Amino acid sequence: MALREILTEGDPVLNRRSRPVEKFDQRLHELVDDMVETMYEGDGVGLAAPQIGVLRRIFVMDVGEGPLAFINPEIMEEDGEQEGPEGCLSLPGLFGIVSRPQKVRVRAQDRDGVFFEMTAEDLAARCVCHENDHLDGILFRRHSQVPLCSFDELPGYEPEEEAEEGGEA
Ligand code: GNR
Ligand code: NI
């Protein structure tokens, strides 16, 4: 297992379309393991292969239920809408507000090439869409309804005033 360097916005690799995975071999398993490790190191909930310079259709995700790998993913169905804050390990410190489906049905292969389907909702749906965009060379800046800024500067997400212990006077 190894940490990989995460490319940041401005690197042209992030704007390219990734190719399908054809070989489900040991090398793929090592890549997926490295992606999971790199995602955790960066405190991300997802990571797509192009973010570490590999133009293959792979992403990993952990929204609190353990790591999942999606290989050659396809979004089959989208339902509803959610609007909320979004960030990206390739745009460190920058956040925006993005509208995404509330629910998606996604079909993909696992690390052994076995097809599976799952329904993702809320953050998981947001993440699947964000990662799937990476595989088509799209960064969330393109979808943001506001100029990217720090999380605290997001409209509607002002931090609560820190209550001083003991108060005034
Ligand atoms: O860590 C991440 N958080 C996040 C928050 C809202 C919507 C999508 C994401 S994915 C992001 C990690 C990342 O850059 N994945 O490509
Ligand atoms: Ni991202």
* Taking segment 129-150, which residues are surrounded by 13 or more Cβ atoms within 10 Å (Cβ to Cβ) and either in a helix (DSSP H, G or I) or basic (K, R) (or both)? -> C129, H130, E131, N132, D133, H134, L135, F140, R141, H143
* Asked: How do the pairs read when you match residues in segment 115-127 that are touching a residue at least 24 places away in the same chain (Cβ under 8 Å) and part of a helix (DSSP H, G or I) with residues anywhere that are among the charged types (D, E, K, R) and within 16 Å of ligand 2 (Cβ to nearest atom), using Cβ under 8 Å and keeping only pairs 6 or more apart or on different chains?
  -> A125/R100; R126/E86; R126/R100
* Asked: Somewhere in segment 43-63, is a residue away from ligand 1 (no atom under 15 Å from the Cβ) and at negative phi?
  -> no
* Between residues in segment 68-88 that are over 12 Å from V104 (Cα atoms) and charged (D, E, K, R) and residues that are within 16 Å of ligand 1 (Cβ to nearest atom) and modelled with pLDDT of 95 or more, which pairs lie under 7 Å by C-beta distance while being six or more apart or on different chains? -> E83/I97; E83/S99; E86/F95; E86/G96; E86/V98; E86/R126; E86/H130; E86/F140
* **Residues that are without any contact (Cβ under 8 Å) to a residue 40 or more places away in the chain and surrounded by 15 or more Cβ atoms within 10 Å (Cβ to Cβ), drawn from segment 1-38** => L31, D33, D34, M35, V36, E37, T38
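The values are calculated or read from the model by the stated rules, or taken from the named source; none is laboratory data. In this text, all values refer to a predicted model and were calculated from it rather than measured experimentally. Cβ: placed from backbone, ideal geometry, glycine included. Neighbour counts: every protein chain shown.
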